[in-house]
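The values are calculated or read from the model by the stated rules, or taken from the named source; none is laboratory data. Treat the numbers as computed from the prediction; the structure is a model and nothing was measured. With ideal geometry, Cβ positions are generated from the backbone for all residues, glycine too; neighbour counts draw on all protein chains shown.
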């Protein structure tokens, strides 16, 4: 008897996708636990493993997620890259550059204000070697592209197809935030970090829907991840605050409110009509 064809409703596909992804994650962690002789998720969180294991884990996880996502998108739902917002054309390059430049501009203004206020100090610029800058620029692009395909290309678009844009933006941003809080930190850190990542998800989802393309949010996200890498070396808040621009933790929540005000202002600037090529 032939196998019954699976229904292709977006909600069913999304639920099935997360089920398969959960099983893959469990299998990956189980295999690495056997190889390392530890409970791998706990050892990873405690940072007791060699850096090579973390690199292997992240690489394999990203490959599994992207392969599974594309299998669902192309085979189960029978959709292409363009329907995900990844059409490859000159306009995409322009939007990618626009998003990257907008995020860098916000960061430059933000750090200029904090430097003038005496809260930021850039004394470690000599540590930024050309190799570090180039490698992390490419690494940040890879991370931004995969995360935007996952959250704004796949999850957001499937939710929007079933329940409208507002619901899709909120739920996809909640998922985006929930999957980013699995890191060391107390409850106050996780709550503040969750809120910051959720708001960032809303902004990125808004950009994806407003422009009908993933390239602008990819560029924006790319610059923000790159800045995180630079921040880890420059450590501009040593002796100042905050220790995390998304949470305001470390003694200066007003500094993070400034960062969010600047991010929110991009909604006024990054509008399809205002940024269209003349």
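Going residue by residue through region 155-168, is there one that turns out to be at positive phi and either modelled with pLDDT of 90 or more or surrounded by fewer than 18 Cβ atoms within 10 Å (Cβ to Cβ) (or both)? Yes, the conditions are met somewhere in region 155-168.
Scanning for something out of contact with any strand residue (DSSP E or B) (no Cβ under 7 Å at 6 or more places or on another chain) and within 19 Å of residue 217 (Cβ to Cβ), does region 36-58 turn up at least one residue? Working first, answer last.
At the first step, the residues of region 36-58 found to be out of contact with any strand residue (DSSP E or B) (no Cβ under 7 Å at 6 or more places or on another chain) are 36-58.
This time we only want the ones that are within 19 Å of residue 217 (Cβ to Cβ), so: none.
No, region 36-58 has no match at all.
Given the condition within 25 Å of residue 229 (Cβ to Cβ), assigned to a helix (DSSP H, G or I), modelled with pLDDT of 90 or more and assigned by TED's automatic domain parsing to the domain that holds residue 211, answer yes or no: does some residue in region 108-116 qualify? No, that holds for no residue. May I ask you to verify whether residue 103 is part of a loop (DSSP other than H, G, I, E, B) and either in contact (Cβ under 8 Å) with a residue 24 or more places away in the chain or not assigned by TED's automatic domain parsing to the domain that holds residue 260 (or both)? Judged against the criteria, residue 103 is not a match.
Rundown of residues vs (1) modelled with pLDDT of 75 or more; (2) closer than 17 Å to residue 149 by Cβ; (3) assigned to a helix (DSSP H, G or I); (4) in the same structural domain as residue 110 (by TED's automatic domain parsing), yes/no style:
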position	(1), (2), (3), (4)
173	yes, yes, yes, yes
176	yes, yes, yes, yes
181	yes, no, no, yes
193	yes, no, yes, yes
200	yes, yes, yes, yes
213	yes, yes, no, yes
226	yes, no, yes, yes
262	yes, no, yes, yes
